[in-house]
Amino acid sequence: GLTMPELRGGTADFSQGGDGDLSSVGLRGSIERAMDSSPLILSVDAQARAADALVLKRTMSFLPTVNLEFASTRLFDGDRAFNTMGREDGFSSDSTAAIALEWTIFDGFQNYYNLRSAESAALAAKLSAQATRDDVAFDTVQSYLDFLTADSSIALVNKHLKLMKRLASAVREKRKVGFASDADVMMVESDLATLRQQLVTVEADRGKALDRFSSVTGRSGTPRPLDSRVMKRLEGGQEALVQQALHLNPRLRAARYNSDAAQYSTRAARGRYLPRVNLIGSYRTELGDDFLKRDGGSWAAGIKLTVPLVDPATMGDVRRTSEAAISESYRASEVQRQVALETRMLWKDYVAGGARQDLSNTKIAAQRRVIEALEQQFKLGMVSLTTLLDQQRQLMS
């Protein structure tokens, strides 16, 4: 089996060709290039930074707010204009400037739970970004291995084509001397046509795999064969791997943090039912008519208490956040179930695949020896062409 750390740490890398193209591409370099060029990774990284910015915003909410206020009004006094018989127009200016401070000292723990919610959401965003990176790496490895598999299949089909062409020539020579019939020649030609069809199919598979590989990595190049040092056997057994997945899987961890964030949001919404206490202070000064002359200023300080009596919107928010928290909790449970199930299924596929590979290697080695012996016997006329072709077909299957 292949594990992501070993794949990223493999010795193979990019080999630069002419004009910036890649003539040969290693697995490690392919993964690194896919990581750097993936728009999806750039998107989730931006989402993680946005989540961090929200944490900063929630943290700043614990600090006081300071505002500079300025007001200018133009007043008209009709009585004064009438009493002075028009000697005064009755207009006067009133300008004030102030510095006001407001500091929330109790808000029903809304700021606290909003901060905890933002922190959990930020951790979930980072883990989601990690999961996306794993997905991109997996797609890169998958397309890389698909290409190598198709390339190996092409080499195998070409090898059998060569053998079949040699057999066809031998059958034609036998027909010339009367030891083979036209039907024998047609059987060989039929098998040759089948092999050519297989060659067209695997060449198309290699082309599609190369297109996927180039799309994922954002660069052209041909994957080179894997270094054996990037291969590693999975150890520990099924349940040990399941526990490891439940502990480390980034999607599951992100789902759990999203559930925590939803729970904290619910508590923050409920805090709006509680009184709010703010510390307020200000310095205010009156400005003269010429806007430059200032009268003496005044200081003020106090505590403002706000008690919610009727707030239907809060009731709706509490209900909404409560249902969202329940939904995220169920979602985390579902992700946990899927991770455990997928790990168990992958382990069984891994064990079965290893067993099939060992058995296939034994079977192929035995069939090749049988075919070599049958070819010699066919040349001596000791076995029929049908027997030899049946063995060839079994090997190709």
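The values are calculated or read from the model by the stated rules, or taken from the named source; none is laboratory data. Note that this is a predicted model, so its numbers are computed, not measured. Quick reminder, even Gly has a Cβ in these numbers, built from the backbone with ideal geometry, and neighbours come from all protein chains shown.
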**Message:** Yes or no: segment 230-238 includes at least one residue that is polar (S, T, N, Q) and modelled with pLDDT of 95 or more.
**Reply:** no
**Request:** Might you let me know whether segment 319-340 holds any residue that is loosely packed, with under 13 Cβ neighbours inside 10 Å, among the hydrophobic types (A, V, I, L, M, F, W, C) and in a helix (DSSP H, G or I)?
**Result:** no
**Message:** Residues to consider are 148, 75, 127, 68; find the one that is modelled with pLDDT under 85 and not hydroxyl-bearing (Ser, Thr, Tyr).
**Reply:** 75
**Residue in segment 273-282 that is modelled with pLDDT of 85 or more, part of a helix (DSSP H, G or I) and over 30 Å from the mean Cα position of the chain (by Cα) present** = yes
**Asked** Is one or more of the residues making up segment 341-356 more than 30 Å from residue 251 (Cβ to Cβ) and of a type in the set (Phe, Trp, Tyr)?
**Response** no
**Request:** Could you tell me which of the residues 169, 120 is surrounded by fewer than 20 Cβ atoms within 10 Å (Cβ to Cβ) and either under 30 Å from residue 52 (Cα atoms) or among the small types (Gly, Ala, Ser) (or both)?
**Result:** 169
**Asked** Tell me, which residue of segment 25-60 that is of a type in the set (S, T, N, Q) and assigned to a helix (DSSP H, G or I) is surrounded by the most Cβ atoms within 10 Å (Cβ to Cβ)?
**Response** 30
**Message:** Suppose the filter is modelled with pLDDT of 90 or more, of a type outside the set (D, E, K, R), farther than 30 Å from residue 35 by Cβ and part of a helix (DSSP H, G or I); does residue 199 pass it?
**Reply:** yes
**Lone qualifier among 359, 309 - being in a helix (DSSP H, G or I) and free of Cβ contacts under 8 Å to residues at least 12 places away in the same chain** = 359
